[in-house]
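Colleague: Handing you this structure, nothing more for now.
The values are calculated or read from the model by the stated rules, or taken from the named source; none is laboratory data. These figures come from a predicted structure and were not determined experimentally. Methodologically, a virtual Cβ is constructed for each residue, glycine included, from the backbone with ideal geometry; neighbour enumeration extends over all protein chains shown. Protein only, heavy atoms only, side chains kept; ligands, DNA and RNA dropped before computing areas. Shrake-Rupley method; radii C 1.70, N 1.55, O 1.52, S 1.80 Å.
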Amino acid sequence: MASILVVEDESALNDLIRKELEAEGHAVRQAHDGPAALQMAREHVPQLVILDWMLPGLDGLSVCRQLRQRHLMPIIMLTARSEEVDRVLGLEVGADDYLVKPFGMRELLARTRAALRRVELESKRAEGGAGAAEQVIEHGPLRLEVESHRAMLNGAELGLTPKEFDLLHLFAANPGRAFNREFLIDRIWGGDYEGFDRTVDNHIRRLRAKLGEFGDKIATVWGVGYRFIP
């Protein structure tokens, strides 16, 4: 069972999604506008969010962007907008999946299961205790050995600082997901960090330089922050 937040202003559709998810054993909370969704997420962080694009009060893109400032839970966006540029925009602000209305309920449930499976696998990897095999993340020529904090590119070890490694690990473990500077500061440096605003940009610049041509994989998402291109 997972805790799921459904954010949809069409009451009938919201209720239908809730009914189908509860039939699969999930605990579902419902919001019908953007501000209510953010308030519910603050009160009880869900394990997955199903989020409509067109919402009253605050649109889905803004809600997605604000959720991504502090949380890594999967976000599935629902929208009547089917243009490629709209899908790309939704993914770049932090959505994990995208479903165009009208959609079949079986497809939504299948995508929900897939997203929750990814969360479960990531959780099991993170909970591997002492004696467990070294967690390794690979993207082409890049190899990260997480527990030993080793990063290698084309077989050569990179001389990364702890913060540079933490940034690269976060990006590589969440390919395609956009992170804004506030989230990175909170996640990598800690919520009480009081350093300069350009700290993230400076670290990203140095990290890109150490990665050489592969540094282009850390892309700037204008108006949002950065994401790793898988």
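Colleague: Identify, among Gly94, Leu13, Gln47, the residue whose Cα sits farthest towards the positive end of the charge dipole of the range 5-160, taking +1 on the Cβ of Lys and Arg and -1 on the Cβ of Asp and Glu, with the dipole about the Cα centre.
Modeller: So the residue we want is Gln47.
Colleague: Which of rounded, prolate or oblate describes the range 1-144 when judged by the alpha-carbon gyration tensor and an a/c cut-off of 1.5?
Modeller: Prolate.
Colleague: Which of rounded, prolate or oblate describes the range 1-76 when judged by the alpha-carbon gyration tensor and an a/c cut-off of 1.5?
Modeller: Cα axes put the range 1-76 in the oblate bin.
Colleague: Given Ala156, Met1, Val146, which one lies farthest toward the positive end of the charge dipole of the chain, if we put +1 on the Cβ of every Lys and Arg and -1 on the Cβ of every Asp and Glu?
Modeller: Ala156
Colleague: Can you work out the accessible area per residue across the range 149-230, with the rest of the protein chains kept in place, probe 1.4 Å, in square angstrom?
Modeller: In whole numbers, the range 149-230 has 52 Å² accessible per residue.
Colleague: When the accessible area of the chain is split by element with a 1.4 Å probe, what percent falls to carbon and sulfur?
Modeller: Numbers: 5950 of 11900 Å².
For the chain, the apolar C and S fraction of the accessible surface comes to 50 percent.
Colleague: How high is the FRET efficiency from His149 to Ala23, r the C-beta distance, R0 45 Å, rounded to 0.05?
Modeller: 0.50
Colleague: Something else now. Mind checking the per residue accessible area of the range 1-98 for me, 1.4 Å probe, whole number of Å²? Each step should come with its number before you reach the end.
Modeller: Working: 4420 Å² over 98 residues.
Averaged over the residues of the range 1-98, the accessible area is 45 Å².
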